[in-house]
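Structure first, commentary second.
All of the numbers you see were taken from the coordinates with simple rules; none came from a lab. Being a predicted model, the structure only gives us computed values, none of them experimental. Reconstructed Cβ throughout: ideal geometry from the backbone, glycine too, with neighbour counts over all protein chains shown.
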């Protein structure tokens, strides 16, 4: 993923903007995050292991900058690898614990990881403090931290990993229909009717893409 920090004001300052289905970003998305108080915009692109010879994310992001913010000053460029493969089986050992990106605490569907990383750090600090008090920093004791993470967001991340795997397998038309169904439920604040209609639409997408659906259902979970 690559992100530009641009000196500009977005036309939609109260909204995040996402693009899905860009020809060079098959398994990811492009985003704009406006920061009104700072007078800047974060513009970026991320994709899952682009193929050799494909456009890199820097070129994709620069293309979008030139299209939407051609005269804006480029202040900073940040980039790196973001783990989106889902939960690690184990990330604790005797007197040792991983947190954040190192422990794959990023959301497999969105790549976001600030909130989950901070939450995991709090769980780790709490468990380590308890271990120091008890004189026990064994793997078995520290595993309580990993269990807390699983219960807070790890289980949901596993579900989102499967959803992402499904979306990356189906065609663009199916992706759009799936995401429209999800958006409809969100905009209706998950009312009973919106959920019924949304799940019906998603079920139809799943049936129309039976091969991808079976592949996801056969995937083994971490827990």
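As a proxy for reagent exposure, 118, 62, 185 were ordered by neighbouring Cβ count within 10 angstrom, fewest first; the result is 118, 62, 185. This structure gives log10 I(q)/I(0) by the Debye sum over Cα atoms at q = 0.11, 0.12 Å⁻¹, computed directly, and of (i) -0.80, -0.93; (ii) -0.70, -0.82; (iii) -0.55, -0.66 that value is listed as (ii). Exposure proxy shown here: for 213, 129, 106, the number of other Cβ atoms within 10 Å sets the order, fewest to most, as 129, 213, 106.
Report the relative contact order of the chain, percent, no decimals, based on alpha-carbon pairs under 8 angstrom and at least 6 residues apart. Here the relative contact order equals 15 percent. Compared with the dominant principal axis of the Cα atoms in the chain, helix 172-187 is inclined by about 70°. Normalising the average separation of contacting C-alpha pairs (under 8 angstrom, six or more residues apart) by the number of residues puts the relative contact order of the range 170-217 at 38 percent. Report summary: the helix-based calculation at 222 nm, which adds -39500 (n - 2.57) for every DSSP H run with n ≥ 4 and divides by the residues of the chain, gives -14500 deg cm²/dmol.
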